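Undergrad: I'd like to ask some things about the structure below.
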Protein chains: 2
Amino acid sequence: MGRESVKVAVLGATGAVGREMLRELELGGWRNVRALASARSAGQRLPFAGGELVVEEVRPESFAGVQVALFSAGGDRSKQWAPIAKEQGAVVIDNSSAWRMDPEVPLVVPEVNPDALAAHRGIIANPNCSTIQMVLPLEALRRAVGIERVVVSTYQSASGAGQQGVDELRAGLRALVAGHEVPHRTFARPLAGDCVPHIGSFEASGYTNEELKMVYETRKILSLPALEVSATCVRVPVERVHQEAVTVDLGAAIEAEEARRLFAEMPGLEVLDVPERNVYPMARDAVGRHETYVGRIRRDVTRPATLHFWVVSDNLLKGAAWNAVQIADALYDQGGLREA
Amino acid sequence: MGRESVKVAVLGATGAVGREMLRELELGGWRNVRALASARSAGQRLPFAGGELVVEEVRPESFAGVQVALFSAGGDRSKQWAPIAKEQGAVVIDNSSAWRMDPEVPLVVPEVNPDALAAHRGIIANPNCSTIQMVLPLEALRRAVGIERVVVSTYQSASGAGQQGVDELRAGLRALVAGHEVPHRTFARPLAGDCVPHIGSFEASGYTNEELKMVYETRKILSLPALEVSATCVRVPVERVHQEAVTVDLGAAIEAEEARRLFAEMPGLEVLDVPERNVYPMARDAVGRHETYVGRIRRDVTRPATLHFWVVSDNLLKGAAWNAVQIADALYDQGGLREA
């Protein structure tokens with residue numbers, strides 16, 4: 001059975017990530033796709049493979065016969081619908097944080113821990129966008145010399161908050177240019193013309209849940225439960241693509257040139273690092289790309305076993321839709337989907 | 001002799017920092033001020049203390065009788081003119097990087113190392129903007145428990161590249177909103193709608209000189225020559241005020257609450273840290289303010305002797321003009337200016 005016949009459902013199809021999921025499925029040759037969403041979006045038409053999909057309201061019977069279901073509809077809806085889809089024999093690939101830390105749910109970045117897929121019991125979690133792009137270079141370093149401690153500061157784009165985040169940034173930039181006050185609602189504070197050091201919600205520790213996702217998800221994906229990780233997550237007035245400044249204490253000293261080679265050999269990762277020609281990754285280079293880009297690779301001024309780099313990826317693609325479709329691809333290739 | 005009679009010269013008076021120097025001098029009650037610049041700007045009129053200053057072309061005789069000269073005209077002009085001004089008896093307070101690492105030149109943040117002033121031989125250096133705002137909280141921690149290692153990622157505004165940086169960002173935002181390509185010249189890559197991980201020029205180590213300033217200046221100001229410091233300096237599409245995510249390994253474990261108390265007691269520093277009410281420092285809070293703001297104060301998830309915080313300050317004021325005028329004030333108060 002070719003990919004074109006596999007029965008796929010996308011829940012949350014009208015959202016920023018859902019639309020990219022449809023596009024990635026289309027590009028990958030999947031054709032038997034059903035678009036699901038809440039009642040509010042039912043009836044909307046979405047372009048797909050030269051035709052259109054009519055969005056259906058999600059109901060228990062929506063998953064009848066579905067072999068793989070991609071979810072991007074938030075944690076609450078995932079908690080509600082994943083057990084139902086799974087019950088009916090679909091494998092759920094979920095983009096919310098609802099299942100990620102469940103010990104029975106694999107948390108997968110296919111280039112990093114594909115072997116984790118086999119243990120799934122019907123639900124596979126897609127990691128957080130900011131985590132996915134960071135674990136690619138970390139895994140390359142872990143394999144070579146081991147890693148001991150990670151400190152990361154993020155420069156995350158508005159689209160991480162969905163289409164409403166993009167819309168609010170655009171409206172904010174128009175207001176800023178016109179000399180008006182910048183409106184805000186999706187973001188806790190006005191984003192246009194500023195940085196907001198607050199993504200998600202605050203926990204008692206003073207960290208946000210977004211920052212703690214980077215801590216706990218990184219440990220789980222890399223199977224390094226004691227890895228020291230700390231993150232500061234900051235929203236920047238950029239529409240799409242997340243950027244991160246990463247510091248890693250390694251198990252052994254390596255030269256920057258050796259790190260560049262390790263990164264270049266890592267699937268999914270591309271090195272853009274020719275500083276003397278102003279070549280380093282930026283958001284505008286990564287929009288619409290599957291690759292994660294790494295640059296500004298350098299050894300610490302004083303610590304030979306510490307490396308710094310800058311890692312950039314399209315948060316809607318490798319950070320969400322593309323990683324989910326890669327998981328579906330891997331399941332398909334492994335014969336891990338039930339017969340239709 | 002009151003401040004109003006002290007003979008002051010400002011070299012680079014028409015630049016973004018020079019204008020702020022005039023404003024700070026005005027607010028501080030200095031009145032006998034001469035505005036100097038290159039021939040190109042001579043004849044320009046700048047508002048000052050209810051009247052106007054006519055900008056004069058800098059010449060050797062410009063410094064005759066001058067008691068204190070504030071320089072913000074770039075490294076080359078500083079190398080050229082500081083010896084001449086000093087020769088004529090002025091104390092030069094220089095905002096460029098030209099003299100900062102000279103062992104005979106004190107590098108001063110008045111709240112941190114005022115005692116260093118006494119050793120000057122006619123030239124005192126103002127540290128780099130990104131360094132100044134970071135050493136305030138670092139000094140508070142150093143005094144209490146000692147500090148061992150600092151990792152910082154910066155979110156630096158366009159005005160760090162002067163008025164031309166501000167103008168380029170504004171033009172870029174207008175282009176972005178209109179759907180046109182973003183022009184660039186001052187910045188190595190287009191800044192509007194993106195982040196540029198490149199400030200200053202690249203060195204063989206892969207660091208930029210801006211990043212290395214943060215390393216070496218921090219060590220000198222804190223008199224900690226072996227302090228481990230590493231920086232990643234990133235330009236963000238914000239007009240004014242620099243923001244920084246700082247990680248510090250301390251000499252001993254402290255609670256976040258204790259750090260908050262230490263920061264609140266540090267002169268020049270103000271704590272804005274009530275996350276549950278979305279209170280943390282942002283650029284818009286700091287524009288036009290002398291204070292440096294600190295928030296997002298938290299202990300590391302796993303390392304009790306590691307602290308993270310977010311520090312925000314107006315790069316044109318505490319990062320440049322205000323720190324320079326504070327130094328002039330300190331010299332005046334100590335009787336450290338020659339007789340007129």
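The values are calculated or read from the model by the stated rules, or taken from the named source; none is laboratory data. A quick note: this is a predicted structure, and the numbers were derived from the prediction, not measured. Ideal geometry is used to build each Cβ from the backbone, glycine not excepted, and the neighbour counts take in all protein chains shown.
Undergrad: Quick test of your reading of the structure: B:ASP102 fulfils all but one of (1) more than 21 Å from the chain's Cα centre (by Cα); (2) charged (D, E, K, R); (3) outside the structural domain of B:ARG240 (by TED's automatic domain parsing). Name the failing condition by number.
TA: (1)
Undergrad: Residue pairs, Cβ under 8 Å, 6 or more apart or interchain, first in the range B:176-188 and within 8 Å of chain A (Cβ to nearest Cβ), second buried (at least 20 other Cβ atoms within 10 Å of the Cβ). List them.
TA: B:LEU176/A:LEU173; B:LEU176/B:VAL182; B:LEU176/B:ALA192; B:LEU176/B:GLY193; B:VAL177/A:LEU173; B:ALA188/B:VAL196; B:ALA188/B:HIS198
Undergrad: If you take the residues in the range A:203-231 that are under 17 Å from A:GLN156 (Cα atoms), within 11 Å of chain B (Cβ to nearest Cβ) and not acidic (Asp, Glu), which one is nearest to the chain's Cα centre (by Cα)?
TA: Among them, the one singled out is A:MET214.
Undergrad: Here is a follow-up. What are the residues in the range B:1-15 that are crowded, with 23+ Cβ neighbours inside 10 Å and under 17 Å from the mean Cα position of the chain (by Cα), if any?
TA: The answer is B:VAL10, B:LEU11, B:GLY12, B:ALA13.
Undergrad: Here's another thing I want to ask about it. Taking the stated definitions as given, is A:ARG189 among the basic types (Lys, Arg), assigned to a loop (DSSP other than H, G, I, E, B) and over 19 Å from A:ALA320 (Cβ atoms)?
TA: Here the answer is yes, as A:ARG189 does meet what is asked.
Undergrad: Hey, any hits in the range B:306-314 for a residue that's in contact with a helix residue (DSSP H, G or I) (Cβ under 9 Å, 6 or more places away or on another chain) and acidic (Asp, Glu)?
TA: Yes; the residues of the range B:306-314 include at least one that is in contact with a helix residue (DSSP H, G or I) (Cβ under 9 Å, 6 or more places away or on another chain) and acidic (Asp, Glu).
Undergrad: With respect to the numbered conditions (1) outside any helix (DSSP H, G or I); (2) hydroxyl-bearing (Ser, Thr, Tyr); (3) closer than 24 Å to A:GLY295 by Cβ, which one is the sole condition not fulfilled by A:THR218?
TA: Single failed check for A:THR218: (1).
Undergrad: Another question, then. When you scan the range B:210-227, how many residues do you find that are farther than 17 Å from B:ASP115 by Cβ and among the β-branched types (Val, Ile, Thr)?
TA: Summing the residues that are farther than 17 Å from B:ASP115 by Cβ and among the β-branched types (Val, Ile, Thr) in the range B:210-227 gives 2.
Undergrad: Moving on to the next point. If you check B:GLU139 against the conditions, is it charged (D, E, K, R), touching a helix residue (DSSP H, G or I) at 6+ places or on another chain (Cβ under 9 Å) and more than 14 Å from chain A (Cβ to nearest Cβ)? Lay out the reasoning, then the answer.
TA: On the way: charged (D, E, K, R): yes; touching a helix residue (DSSP H, G or I) at 6+ places or on another chain (Cβ under 9 Å): yes; more than 14 Å from chain A (Cβ to nearest Cβ): yes.
Spelling it out, B:GLU139 is indeed charged (D, E, K, R), touching a helix residue (DSSP H, G or I) at 6+ places or on another chain (Cβ under 9 Å) and more than 14 Å from chain A (Cβ to nearest Cβ).
Undergrad: Count, please, the residues in the range B:55-76 that happen to be surrounded by fewer than 22 Cβ atoms within 10 Å (Cβ to Cβ) and either touching a residue at least 60 places away in the same chain (Cβ under 8 Å) or in contact with a Lys or Arg (Cβ under 6 Å, 6 or more places away or on another chain) (or both).
TA: 2
Undergrad: Could you name every one of the strands (runs of 3 or more DSSP E) located completely within the range B:256-340 that has at least 3 residues being modelled with pLDDT of 95 or more, surrounded by fewer than 24 Cβ atoms within 10 Å (Cβ to Cβ) and more than 10 Å from chain A (Cβ to nearest Cβ)?
TA: Where strands (runs of 3 or more DSSP E) fall fully within the range B:256-340 and carry at least 3 residues being modelled with pLDDT of 95 or more, surrounded by fewer than 24 Cβ atoms within 10 Å (Cβ to Cβ) and more than 10 Å from chain A (Cβ to nearest Cβ), they are B:269-271.
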